[in-house]
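Below you'll find the structure, written out as structure tokens, and then a few comments.
The values are calculated or read from the model by the stated rules, or taken from the named source; none is laboratory data. Bear in mind the structure is a predicted one, so any value in this text is a computation, not a measurement. FYI the Cβ positions are ideal-geometry reconstructions off the backbone, even for glycines, and counts take in every protein chain you see. Please note that ligands, DNA and RNA were not included when accessible areas were found on the heavy atoms of the full protein model with its side chains. Shrake-Rupley method; radii C 1.70, N 1.55, O 1.52, S 1.80 Å.
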Amino acid sequence: MRKNGFTFIELIVSISILVIIIASIYSAFNTGLRIYKKSSTGQDLQKIRTTLLKIDKELKGAFFFSKIPFKGAASEVIFPLVIVKQNIENIYIVSYYAEKDKNRDSYKIIRKEKLFTDNPQDKKEEIKDMFSAVSIRFEYAYKSNDPSKNYEWQEAWGEEQKTLPLAVRIYFKIDDTGEIYSKVIFLMQGALGSK
């Protein structure tokens, strides 16, 4: 005569099957989450690469102009640039600067351009958010007096230099892993002005 219910063996087999199913679901979910994070980081890196290419191109197009001197600090770089819009060339004041993000513990690289004009009414600014990073810093190269070095780095570049730096270096960390990225951009006009 058989009683209603499960035997101990049936109960253990049922629990084992349930544990295997739950472990499979967790593993699939965890794998999906890692793939999502990796692709998200890949998209962030692609955005940073694109921004650095834009900064590289624009800094290489910078020129010495006494009315808009090249200025640089650890968190900002400002320079004149000729930009063509609607088949018209104009001189713009372009700046890239690090701004603290209010919502997160990070910084945003912001690009700002303003048309250079003598009329104060025409000074419209165009501002774009480029990318976010945990930390961002600019440095500027100048010709070294030491014969063993071609150039040295400093944290600021002021109007008193009366020329462009030889290069601009950008340091940044995109997350808290501690990995620091850097990009060195050599300025053609800076190299010409230093000879």
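Give, as residue ranges, the strands (runs of 3 or more DSSP E) completely inside the stretch 58-124 that count at least 2 residues that are at pLDDT below 90, within 16 Å of residue 137 (Cβ to Cβ) and out of contact with any Pro (no Cβ under 9 Å at 6 or more places or on another chain).
88-100, 107-115
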(message) Suppose we keep only residues that are free of Cβ contacts under 8 Å to residues at least 60 places away in the same chain and assigned to a strand (DSSP E or B) within the stretch 133-148. Which one would you say is surrounded by the fewest Cβ atoms within 10 Å (Cβ to Cβ)?
(response) 135
(message) Condition check: within 26 Å of residue 162 (Cα to Cα) and open to solvent by 50 Å² or more (accessible area, probe 1.4 Å). Does residue 76 satisfy that?
(response) yes
(message) Filter the stretch 80-124 down to the residues that are open to solvent by 90 Å² or more (accessible area, probe 1.4 Å) and either in contact with a helix residue (DSSP H, G or I) (Cβ under 6 Å, 6 or more places away or on another chain) or within 30 Å of residue 175 (Cβ to Cβ) (or both) and list them by number.
(response) 100, 102, 103, 104, 105
(request) Identify, from the list 38, 57, 47, the residue that is open to solvent by 70 Å² or more (accessible area, probe 1.4 Å), in contact (Cβ under 8 Å) with a residue 24 or more places away in the chain and not acidic (Asp, Glu). (result) 47
